[in-house]
Amino acid sequence: MGRSRRTIPEELLLLALDPATGTTAQPQSLDLGLAGAQLVELALAGRIAPDGDRIAVVMARPTGDPTLDSALELLRRRGSPVRAVHWIGGPRLGLRQTYLTHLERCGMVHAVAGQMCGVLPTTRYQATETAISREIRARLDNAIRTGVPPDPRTAALAALAHAVGLGKHLYPGNEGRSSRSRLRDLIRHDPMGGLVAHAVMDVQNGVAAQPRRSSGQSGPAGRKSTGRATEATGVPGQSRRHGHGSMARVGAR
């Protein structure tokens, strides 16, 4: 995998960075989103593929990206396909910091040391390559504005941005309501991105710990399909409750 292309985890993190404060929006759900974004990136690289609501390794050859290859190796060691919700809901200690450090090393952000309450050391991150952040945002804006089906990478990025609750960060207030709705609707344009985004939302809602329903009663990934759920999210079988309304907004430390 060439490094001329930014990965979806990198782009998701850049979207979440607040240019004014240097903090990351929705930090807890963002950690889940980064784990999910790794799955999408590995799928686009031809290393994994969906198997129902599970993820299967189809090629174990490294991509050349150390962080992605670490995830690929962990998946390979499982020996059998793993449910997306179990993978995303597993411990991912330091994943956000790993990507922040990587972006700093690449010159896309710079760290600003500070203190909380005048005592506790903190680190905030400011984007240095603002043109890159603007280009990422422009892709989402264009997909929302035109209604033209986006490319798989942009569709997956939009699905993950919605899943982790970045809609209100990117398109705030009443004036952003229609854009948030269209951002949510983009989830249907990429099957892998949709699978992973649903898994991220399920983990937030505690669905990963619940037993699966029988296939005759369930929609995709074991969710019971109802007309109300489809109307609520624009995606069959997905509940209105996404669990990210209560996420605190704190700085990356």
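Within the stretch 1-21, is even one residue part of a strand (DSSP E or B) and over 11 Å from residue 68 (Cβ atoms)?
Within the stretch 1-21, the first condition is being part of a strand (DSSP E or B), and the residues that meet it are 17.
Next, from what is left, pick out any that are over 11 Å from residue 68 (Cβ atoms): 17.
Looking for residues that are part of a strand (DSSP E or B) and over 11 Å from residue 68 (Cβ atoms), one finds at least one in the stretch 1-21, hence yes.
Which condition number in (1) under 18 Å from residue 166 (Cβ atoms); (2) basic (Lys, Arg); (3) touching a strand residue (DSSP E or B) at 6+ places or on another chain (Cβ under 8 Å) is the one that residue 6 fails?
(3)
So for the stretch 20-30 (the condition being small (Gly, Ala, Ser) and closer than 16 Å to residue 160 by Cα), does at least one residue qualify?
yes
Has the stretch 105-123 got any residue that is open to solvent by 70 Å² or more (accessible area, probe 1.4 Å) and in a helix (DSSP H, G or I)?
Yes, the stretch 105-123 has at least one match.
Counting only residues that are touching a His at 6+ places or on another chain (Cβ under 8 Å) and of a type in the set (D, E, K, R), which one in the stretch 1-48 is farthest from residue 155 (Cα to Cα)?
18
Would you point out which residue out of 64, 90 is in contact (Cβ under 8 Å) with a residue 40 or more places away in the chain, closer than 19 Å to residue 207 by Cα and not aliphatic (A, V, I, L, M)?
Details: 64 fails: closer than 19 Å to residue 207 by Cα.
Answer to the selection: 90.
Among the helices (runs of 4 or more DSSP H) lying completely within the stretch 127-203, list those that include at least 3 residues that are open to solvent by less than 20 Å² (accessible area, probe 1.4 Å) and closer than 29 Å to residue 49 by Cα.
Fully inside the stretch 127-203 and qualifying: 130-146, 152-163.
Return yes when residue 216 is of a type in the set (Gly, Ala, Ser) and modelled with pLDDT under 90 and no when it is not. Show your work before the answer.
Numbers: of a type in the set (Gly, Ala, Ser): yes; modelled with pLDDT under 90: yes.
It is true that residue 216 is of a type in the set (Gly, Ala, Ser) and modelled with pLDDT under 90.
So which residues in the stretch 41-56 are open to solvent by 50 Å² or more (accessible area, probe 1.4 Å) and among the small types (Gly, Ala, Ser)?
Looking only at the stretch 41-56, we keep the residues that are open to solvent by 50 Å² or more (accessible area, probe 1.4 Å), and these are 44, 50-52, 54.
The one that is open to solvent by 50 Å² or more (accessible area, probe 1.4 Å) and among the small types (Gly, Ala, Ser): 52.
Which residue is nearest to residue 6 (Cα to Cα), if the candidates are limited to the stretch 57-98 and must be open to solvent by 50 Å² or more (accessible area, probe 1.4 Å), outside any helix (DSSP H, G or I) and in contact with a helix residue (DSSP H, G or I) (Cβ under 7 Å, 6 or more places away or on another chain)?
Here the residue is 62.
The values are calculated or read from the model by the stated rules, or taken from the named source; none is laboratory data. As the structure is a computational prediction, the values presented were derived from the model and not from experiment. Reconstructed Cβ throughout: ideal geometry from the backbone, glycine too, with neighbour counts over all protein chains shown. Side chains are part of the model used for accessible areas, which takes the heavy atoms of the whole protein and leaves out ligands, DNA and RNA. Shrake-Rupley method; radii C 1.70, N 1.55, O 1.52, S 1.80 Å.
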